[in-house]
Amino acid sequence: MNGDHDDDDTGNTMTTTDPAQTADTVSITAPRSTGTSATRVVGVAAIVAMAWLVAFGLGFSPADRDQEEAVRILYVHVPTIWLAYLAFVVTAIASALYLFTSKQSLGWDRAAGASAEIGVVFVAVTLVVGALWGRLTWGVFWQWDARLTTTALLFVTYVGYLAVRRLGGSHRQRARRSAVLGLIAVLEIPLVHWSVRLWRSLHQEATVLDTDGDIDMDGLMLFSLFVGVIAFTLLYAWLMMHRVRAMAMEDLVEDRGLDAALAARRAEGGA
Amino acid sequence: MSAWRVAWLIARKDLRVERRSRVVTNQVVPFAGVTMVIFAFALDSDAVLQRVAPGLVWLATMFSLLVLVQRSFAIETDDGALDAMRVAGVDARAIFLGKAIALAAELVALELILLFAAVILYGQSIAAGSVVLLVTTLVAATCGLAAVGTLYGGLAAGFRGRETLLPLLTLPAVAPVLIGATRAVEAALGTAGAVVSDGWPWVGLLTVFAVAFGVGGSLAFGPLIDE
């Protein structure tokens, strides 16, 4: 368990072979923040894109003929669910990369975990604003239709994934366990979706990503949606960079706490 | 020894433990029975109960599944038996299959009791023509439930908080079984005018589910418990 951080790829190497030195190494340099120039550029870009989204979503884009002003909710609703799907795909790919690459880098594990966390938040946003939109358009907050139900189960599935990540044990144990679970989710979600679709379907058909290829949408509305996708993609990238680094630092803190405890115990034995 | 033989031995061992300890007969079956009774308290209408009886049978099965899975892995982790088997070189796939077979046997017995309870308590009747559909549904649904239960039971085994983690992982995963098995049993029992031929597409869903989680579970089980 103690050897877990030896092959870690955080860039913060530690030498703790000599127990007498361990107490001092607690003060060795570690990054003091998760920000770099790259995150600052992406962060500023995300803020600018969000400002654009507010301007186009609330101001420039017209109200819909049927949905009226409620259509503006979709500029958040649709991008967040797309990004959530993307986040869960990233989780699955990072899980597979962790399991099937020979190095088994913990970086992939953290990328999977960070992406799942952000995905869960985005799905939550989708569900909440979707319920508000449903109240305005359908007259009810919730419909037991296929896509809504699948999305709710998707949310709970990844909440479970995050709970498994917090089960404890060494970093390697956490990484292996959650990577397997991240891949099982890929098996689970299509089955859930298929069964719920057989059960019932009522949600309006996808407008932009439908199969016939042409997009039936007002130009300015489509542009606002496009701005929303850009804005939330930047937000996702910015959150990912910070979260992965924060997780690396959390792992480092745990390792050091363990090393310090071991050193203290050894010192007790020696005295 | 082939993996199948090991799986068979593990399944027989589990069933023997259950037969001697009598926890399933003395606690799990009464629990499932009381669930059926409190559903009646909640719904409080004979007509509603008749309409939703197939769903209640499967809900009671899922709750009992959680209890059975906890039990199945508690007897392994108490003495570190799971680790001992891995150290002894027992194939993880054989452990998965063996525990799933034992769990499936217990579930089938429980489902038959629950169906019987639905006939008595909720006024259901089983026609002779629907027995084939009913039995096929029970088998297919049970295989899927046992595979998912064993997979997540093994994952949560030995951790603090496993009692709460297991339902969180298991219930979303078995949602397709709840949907498919309920519709198929509705067709078999003729609930709300359903006919037997409506049930077979749902059996297809249940079979795909059971195969997917049977194969996926036996592959994933090794890495999950191998720590």
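If each residue of separation counts as 0.36 nm, what is the full-extension length gain between B:Arg16 and B:Ala81 once their alpha-carbon separation is subtracted? Can you show the working numbers first?
Values: separation 65, 0.36 × 65 = 23.40 nm, distance 1.57 nm.
Going from the current span to full extension adds 21.8 nm.
May I ask you to give the percent of accessible area on region B:3-225 that is carbon plus sulfur, with a probe radius of 1.4 Å?
Working: 6170 of 9280 Å².
Looking at region B:3-225 in its full context, I get 67 percent from C and S.
Applying 1/(1 + (r/R0)^6) with r as the Cβ-Cβ distance of A:Leu132 and A:Val186 and R0 = 25 angstrom yields a FRET efficiency of 0.25. In summary, the convex hull built on the alpha carbon positions of the protein assembly as shown has an orientation-averaged projected area of 29.6 nm².
Relative contact order for chain B: 26 percent, from Cα pairs under 8 Å spaced at least 6 residues apart, divided by residue count. Surface burial for A against B, with a 1.4 Å probe and both sides summed, reaches about 2300 Å² of accessible area.
Dipole orientation for the protein assembly as shown: of the candidates A:Val140, B:Leu165, B:Val37, B:Val37 has the Cα lying most toward the positive pole (charges on Cβ; Lys, Arg +1; Asp, Glu -1).
Please report the projected area of region B:3-225's Cα convex hull averaged over all directions, in nm².
The orientation-averaged projected area of the Cα hull of region B:3-225 comes to 12.0 nm².
Can you list which of the DSSP-assigned H helices in chain B have a Cα extent of 18 Å or more along the long axis and an average Kyte-Doolittle score of at least 0.5? Can you show the working numbers first?
On the way: long enough: B:3-21 (27 Å, -0.53); B:29-43 (22 Å, 2.26); B:46-77 (45 Å, 1.07); B:92-121 (42 Å, 2.09); B:131-156 (37 Å, 1.91); B:175-189 (21 Å, 1.25); B:200-225 (36 Å, 1.61).
Result, helices passing both filters: B:29-43, B:46-77, B:92-121, B:131-156, B:175-189, B:200-225.
Here the Karplus relation 6.51 cos²θ - 1.76 cosθ + 1.60, evaluated at θ = phi - 60°, turns the backbone of region A:115-129 into coupling constants of 5, 5, 4, 5, x, 4, 4, 5, 5, 4, 4, 4, 5, 5, 5 Hz, with x for every Gly and Pro.
How much of the pair distance distribution for region A:33-123 lies past 21 Å, counting alpha-carbon pairs only, in percent?
Value for region A:33-123 (Cα pairs over 21 Å): 52 percent.
Averaged over its residues, region B:3-225 has an accessible area of 42 Å² per residue, based on protein heavy atoms and a 1.4 Å probe. On the basis of the beta-carbon distance and an R0 of 51 Å, B:Thr25 and A:Ala70 show a calculated FRET efficiency of 0.35. For region A:158-178, a drop of 20 Å² or more in accessible area on going from the chain alone to the assembled protein chains (1.4 Å probe) is found at A:Gly160, A:Ala163, A:Val164, A:Leu167, A:Gln173, A:Arg176, A:Arg177. Excluding B:Ala74 itself, calculate the net charge of residues whose Cβ lies under 13 Å from the Cβ of B:Ala74, where each Lys or Arg counts +1 and each Asp or Glu counts -1. Its environment carries a net charge of -3. Of the trypsin sites (Lys or Arg not before Pro) found in region B:1-68, those that fall in a DSSP loop while having at most 10 other beta-carbon atoms within 10 Å are B:Arg22.
The values are calculated or read from the model by the stated rules, or taken from the named source; none is laboratory data. Everything numeric here is computed off the predicted structure, so don't read it as measured data. No Cβ is skipped: glycine too gets one built from the backbone with ideal geometry, and neighbour counts run over all protein chains shown. Heads up: the accessible areas ignore ligands, DNA and RNA and are worked out on the full protein's heavy atoms, side chains in. Shrake-Rupley method; radii C 1.70, N 1.55, O 1.52, S 1.80 Å.
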